[in-house]
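Participant: Here it is: the structure, laid out below.
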Amino acid sequence: MERIKQALDKARGENNGLSTKYKEGPKPDQNIKYTETSVVSLHPDSLYEKRVVAIDENDPATAAYKVLRTQVLQRLRVNKWNSLAITSPTEGCGKTLTAINLAICLAREVNHTVLLVDMDLRRPKLHSYFPGIPGLGISDYLLNDVELSSILINPGIERLVILPGHKPFSSSSETLSSPKMVELVEELKSRYPSRIVLFDLPPVLPCDDVIAFAPYVDAALLVVEDGKTQENELKRAVELLDSINILGTVLNKSSESTVDHPY
């Protein structure tokens with residue numbers, strides 16, 4: 001723990017020495033022009049086929065994600081938080097798709113930008129929902145010293161940037177609490193005051209990754225699957241995350257249809 005604390009202190013100190021331009025970044029009410037971040041314009045159909053439904057304002061599921069967005073924003077603002085972990089008790093609950101669709105809805109708010117980060121180091125798959133993006137990610141930054149600007153991608157959605165994971169790590173929990181990762185996370189959270197950072201994390205119960213990463217985020221959102229997630233699994237996940245602020249749960253794959261309801 002002392003090693004982690006030292007890494008955090010070091011990262012904060014370096015961030016305090018950043019230039020004003022670097023720390024402030026673009027104003028949220030200005031048109032953002034990406035000079036270093038790669039811009040990859042993806043066809044909406046290719047995203048929709050991957051169940052990235054929030055790009056379609058007319059999709060019934062988009063309305064549900066907007067409600068989630070508003071609830072998340074209210075809680076972040078009242079606590080002055082800007083980082084949120086998205087996880088689930090077990091695999092297959094749809095946490096990554098929830099993170100993506102929530103990120104898109106958040107990015108539509110003109111008061112801030114959004115960074116979506118793939119922190120599921122065991123099974124990184126954020127990139128698989130964005131066909132055609134370059135094949136670099138956090139693993140290349142950590143292992144091969146690839147510049148961060150070469151990895152960040154704007155997928156053609158205004159005010160949204162994604163940071164893919166790429167290759168999996170066998171020692172994922174150790175990597176999540178390593179000094180270089182801690183320094184990266186601190187930079188991502190503090191670089192722009194108007195930025196909200198979403199971290200797509202692994203499930204809670206199969207491994208200790210989320211517990212290891214918990215000290216570096218402000219809060220967490222738990223995604224559960226209707227008809228699959230057991231009550232004891234949810235309770236155990238909440239117990240393991242007792243050191244982090246849990247905003248709430250998202251019921252995914254619900255059997256209750258809202259198509260017939262205009263509001």
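The values are calculated or read from the model by the stated rules, or taken from the named source; none is laboratory data. Computed from a predicted model, the values in this text were never measured in an experiment. Here Cβ is always computed from backbone atoms with ideal geometry, including for glycine, and neighbour counts include all displayed protein chains.
Participant: Would you confirm, using the coordinates I've provided, whether VAL78 is surrounded by fewer than 20 Cβ atoms within 10 Å (Cβ to Cβ) and at pLDDT 95 or above?
Facilitator: Yes.
Participant: Does TYR263 qualify as being out of contact with any Pro (no Cβ under 9 Å at 6 or more places or on another chain), modelled with pLDDT under 95 and either crowded, with 19+ Cβ neighbours inside 10 Å or closer than 28 Å to VAL53 by Cα (or both)? Walk me through it before giving the result.
Facilitator: Working: out of contact with any Pro (no Cβ under 9 Å at 6 or more places or on another chain): yes; modelled with pLDDT under 95: yes; either crowded, with 19+ Cβ neighbours inside 10 Å or closer than 28 Å to VAL53 by Cα (or both): yes.
Spelling it out, TYR263 is indeed out of contact with any Pro (no Cβ under 9 Å at 6 or more places or on another chain), modelled with pLDDT under 95 and either crowded, with 19+ Cβ neighbours inside 10 Å or closer than 28 Å to VAL53 by Cα (or both).
Participant: Shifting gears a bit: Strands (runs of 3 or more DSSP E) wholly in segment 130-238 with at least 1 residues that are among the aromatic types (Phe, Trp, Tyr) and closer than 24 Å to ALA54 by Cα - which ones?
Facilitator: Working: elements: 160-163, 195-200, 219-225.
Strands (runs of 3 or more DSSP E) meeting the threshold: 195-200.
Participant: Among the listed residues PHE199, PHE213, identify the single one that is under 28 Å from SER46 (Cβ atoms), in contact with a Phe, Trp or Tyr (Cβ under 8 Å, 6 or more places away or on another chain), among the aromatic types (Phe, Trp, Tyr) and surrounded by 15 or more Cβ atoms within 10 Å (Cβ to Cβ).
Facilitator: Details: PHE213 fails: under 28 Å from SER46 (Cβ atoms).
Answer to the selection: PHE199.
Participant: Looking at segment 94-110, is at least one residue touching a residue at least 12 places away in the same chain (Cβ under 8 Å), among the β-branched types (Val, Ile, Thr), farther than 16 Å from LEU198 by Cβ and buried (at least 18 other Cβ atoms within 10 Å of the Cβ)?
Facilitator: No, segment 94-110 has no match at all.
Participant: Which residues, taken from segment 111-127, are surrounded by fewer than 21 Cβ atoms within 10 Å (Cβ to Cβ) and free of Cβ contacts under 8 Å to residues at least 60 places away in the same chain?
Facilitator: Within segment 111-127, LYS125, HIS127 meet the criteria.
So that you can scan it fast, the table gives a plain yes or no per residue for (1) at pLDDT 90 or above; (2) hydroxyl-bearing (Ser, Thr, Tyr); (3) touching a Phe, Trp or Tyr at 6+ places or on another chain (Cβ under 7 Å):
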| site | (1), (2), (3) |
| --- | --- |
| LYS125 | yes, no, no |
| TYR129 | yes, yes, no |
| ILE133 | no, no, no |
| ASP145 | no, no, no |
| PRO164 | yes, no, no |
| PRO193 | no, no, no |
| VAL217 | yes, no, yes |
| LEU221 | yes, no, no |
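Participant: Tell me, which residue of segment 128-147 that is touching an Asp or Glu at 6+ places or on another chain (Cβ under 8 Å) and aliphatic (A, V, I, L, M) is surrounded by the fewest Cβ atoms within 10 Å (Cβ to Cβ)?
Facilitator: Ranking the qualifying residues of segment 128-147, first place goes to VAL146.
Participant: I'd like the full set of residues that are more than 22 Å from VAL185 (Cβ to Cβ), part of a helix (DSSP H, G or I) and polar (S, T, N, Q), limited to segment 60-114.
Facilitator: Once the filter is applied, which keeps residues that are more than 22 Å from VAL185 (Cβ to Cβ), part of a helix (DSSP H, G or I) and polar (S, T, N, Q), segment 60-114 yields THR62, THR70, GLN71, GLN74, ASN101.
Participant: Only one residue in ASP242, ASP226 is surrounded by fewer than 15 Cβ atoms within 10 Å (Cβ to Cβ), at pLDDT below 95 and in contact with a strand residue (DSSP E or B) (Cβ under 9 Å, 6 or more places away or on another chain). Which one? Write out each step before concluding.
Facilitator: On the way: ASP242 fails: in contact with a strand residue (DSSP E or B) (Cβ under 9 Å, 6 or more places away or on another chain).
Residue meeting the stated conditions: ASP226.
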